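Single-structure report; data block below.
Each reported figure results from applying straightforward, stated rules to the coordinates on display, with no laboratory input. Only a predicted model underlies this, so the values are computations on that prediction, with no experimental measurement involved. Cβ atoms come from the backbone with ideal geometry, glycine included; neighbour counts cover every protein chain shown.
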Amino acid sequence: MASVLYFASLRERLGVSRETVALPVADATVATLVSALQERGGAWEDAFRPGAVWRVAVNQQMASTDTPVGPEDEVAFFPPVTGG
Amino acid sequence: MNHVRVQEAAFDAGAEIAALTAGRRDVGAVATFLGVVRDRNDGDAVGRMTLEHYPGMTERHLEAICAEASARWSLLDTLVIHRVGLVLPGDPIVLVAAWSAHRAEAFTACRQIMEDLKSRAPFWKKETTTDGERWVARNTSGAVREAGQDE
């Protein structure tokens, strides 16, 4: 079960800040996790639809859709950053 | 050394700079940047702002940004203090400072750290305007505008 965090406007749209997710396959990546989230439908399908703008980190390092995700990992999804 | 803090409490920029400068014989230049909350954004009046961050990742990324600057230029110290939580117009949000023997490195590092922070550090701003709350969608440009050019 991977830990999945959601921040800022994405968290508000989805209504979840943190959850554990069972990975769909043994060699999962961010892309396979996102597919699994989209299957929930509704706001999930909309937030991760093709063309949607979001960023992802795995174990607190910026990642991409190809990045592998394992059951001990922490994955975070968030909008583009706006600090400073 | 690189000094990074993310905190809800307000900070005293003068005291922070003085603490790392006082009594030093090696420092020839300290370049500083202070980011302050304005009361307008995108044409609307902003009453308050809330900053969210990713505890752990935010600090690590700020430390990495400072480490990159220290590796690239000859610096004696760097400092980043960034507030999170509620801030009001007029409040300082972020302090970036670089200490060096000479001004060129200090100026350049201070600017680069701030630009890297804007583009890479995990913070998200939410503004409250008269129409309600909204998340800031994108950063302002870091490009210099000559006097008289539109904002």
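Applying 1/(1 + (r/R0)^6) with r as the Cβ-Cβ distance of B:ARG25 and B:PHE107 and R0 = 22 angstrom yields a FRET efficiency of 0.55.
Rg/Rh, computed from the Cα trace of chain A with Rh as the Kirkwood radius, has the value 0.93. Binning the alpha carbon pair distances of segment B:83-126 at 5 angstrom intervals from zero yields the distribution 5, 19, 22, 20, 17, 10, 5, 1, expressed in whole percent.
Along segment B:63-75 the Karplus relation, 6.51 cos²θ - 1.76 cosθ + 1.60 evaluated at θ = phi - 60°, assigns HN-Hα couplings of 4, 5, 4, 5, 5, 4, 5, 5, 6, 7, 10, 7, 10 Hz to successive residues, with x for each Gly and Pro. Look at where the Cα atoms of segment B:101-151 and of segment B:28-64 average out, and the two centres are 8 Å apart. Counts of other chain beta carbons within 10 angstrom of each beta carbon in peptide B:117-126 average 6.
Distant-in-sequence amide contacts of B:GLY28, defined by a placed amide H-H separation under 5 Å and a gap of 5 or more residues or a different chain, comprise B:SER100, B:ALA101, B:HIS102. For A:THR29, the amide hydrogen comes within under 5 Å of the amide hydrogens of A:VAL69, counting only partners 5 or more places away or on other chains and with H modelled in the peptide plane. For segment A:1-76, run through the GluC sites (Glu not before Pro) and keep only the ones in DSSP coil with at most 15 other Cβ atoms within 10 Å of their Cβ. Answer by residue number: A:GLU39, A:GLU72. Between B:ASP42 and A:GLU12, the simple spin-label model (points 7 angstrom out along Cα→Cβ) gives 1.0 nm. Close amide H contacts of B:VAL37 (hydrogens built in the peptide plane, cut-off under 5 Å, sequence separation of 5 or more or a different chain): B:GLY90, B:ASP91, B:ILE93. Sorted largest first, the spans of the alpha carbon positions of segment B:39-151 along the three principal axes are 48, 41, 21 Å. Using all pairs of distinct alpha-carbon atoms, the Kirkwood hydrodynamic radius of the protein assembly as shown works out to 19.4 angstrom. Using the Cβ-Cβ distance between B:ALA71 and B:ARG145 with R0 set to 30 Å, the FRET efficiency works out to roughly 0.45. Averaged over peptide B:51-58, the number of partner chain Cβ atoms lying within 10 Å of each residue's Cβ comes to 5. Among B:THR140, B:THR58, B:THR108, the largest mean-square fluctuation in a Gaussian network model of chain B, built with springs joining Cα atoms closer than 10 Å, belongs to B:THR140.
In this simple spin-label model, placing a label point 7 Å from the Cα along the Cα-to-Cβ direction at both B:SER119 and A:ALA22 gives a separation of 4.2 nm.
Under a Gaussian network description of chain A, with springs only between Cα atoms under 10 Å, the residue in A:GLY51, A:GLY41, A:GLY70 that fluctuates furthest is A:GLY51.
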